[in-house]
1. Name the pairs whose Cβ atoms lie under 9 Å apart, with the first residue in segment 128-155 and in contact (Cβ under 8 Å) with a residue 60 or more places away in the chain, the second open to solvent by 50 Å² or more (accessible area, probe 1.4 Å) and β-branched (V, I, T), and 6 or more positions between them or separate chains?
2. Any residue in segment 58-69 that is of a type in the set (V, I, T) and either at pLDDT 85 or above or surrounded by 14 or more Cβ atoms within 10 Å (Cβ to Cβ) (or both)?
3. What residue, of G153, G140, is under 19 Å from the mean Cα position of the chain (by Cα), modelled with pLDDT under 95 and within 28 Å of L38 (Cα to Cα)?
4. Of these, I137, I128, which one is more than 20 Å from N163 (Cβ to Cβ) and of a type in the set (V, I, T)?
5. If you go through segment 32-46 one residue at a time, do you hit one that is modelled with pLDDT of 75 or more, more than 15 Å from the chain's Cα centre (by Cα), open to solvent by less than 20 Å² (accessible area, probe 1.4 Å) and not hydroxyl-bearing (S, T, Y)?
6. Looking at the structure I just gave you, is F195 open to solvent by 40 Å² or more (accessible area, probe 1.4 Å), at pLDDT below 90 and under 25 Å from R37 (Cα atoms)?
Amino acid sequence: MAILTALAPCARADYAVLQSGQRIHITGYELLGENIRLTLAGGTLEIPADTLVRIDPEDTFPPAKMKLLDVPYAKFVATSARAHGVAPELVASVIAAESNFNPRAVSWKSARGLMQLMPETAARFGVINPFDPAQNIDAGTRYLKELLLRYDGDLALTLAAYNAGPVRIKQFRGAPPYRETQSYILRVTEKYRRFSRPSPQTLPLESIFSSGKK
């Protein structure tokens, strides 16, 4: 909280870095008691102040190299993560839990491809071929970003919504008590932690945050 008390509205476009791994492109921010209001290009977003890690000025933030994970389709994961500001480890973890990196996977609910896009979700994000790895990963990453913003960076709620749908989150006022959903949250979270651990052969990472755009 000490760093937050010194915050003043920014005069240029900056990045808000959240505990979930998001970097949100903002044009201003304001401390409101226990919350902080972020001003975005399309409106405002109010989040708990303790979920904000720091503000990175856009004109001084050094471009970071995107780490390629040791997973199939790593370049597509890295490209989409950078473009949409989602941690690549999270994208890879969702793919692992959803399809085990099988681009032809189809569920009994008709979810398709690596990130198991439902037909309506694929259509909303302009996906022509849900079995194309690049299109599927890009749309799935955009959907993850949308959910992270909707739930103020709450990873458990984001994963619950990705698995069971936002309607169920609203219905239960939180993650639904379904065994499948609860198991899904645990599996993705554990994979996320494993992917985020630095290799013994490499220097420790400064953070797990994405360096993507808004």
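The values are calculated or read from the model by the stated rules, or taken from the named source; none is laboratory data. Being a predicted model, the structure only gives us computed values, none of them experimental. Counting neighbours? That spans all protein chains shown, and the Cβs are built from the backbone with ideal geometry, glycine included. Keep in mind that these areas ignore ligands, DNA and RNA; they rest on the heavy atoms of the full protein, side chains included. Shrake-Rupley method; radii C 1.70, N 1.55, O 1.52, S 1.80 Å.
1. I137/T79; D138/T79
2. No, segment 58-69 contains no residue that is of a type in the set (V, I, T) and either at pLDDT 85 or above or surrounded by 14 or more Cβ atoms within 10 Å (Cβ to Cβ) (or both).
3. Just one listed residue meets the conditions, G153.
4. Result of the check over I137, I128: I128.
5. Yes, segment 32-46 contains a residue that is modelled with pLDDT of 75 or more, more than 15 Å from the chain's Cα centre (by Cα), open to solvent by less than 20 Å² (accessible area, probe 1.4 Å) and not hydroxyl-bearing (S, T, Y).
6. Against the criterion (open to solvent by 40 Å² or more (accessible area, probe 1.4 Å), at pLDDT below 90 and under 25 Å from R37 (Cα atoms)), F195 does not qualify.
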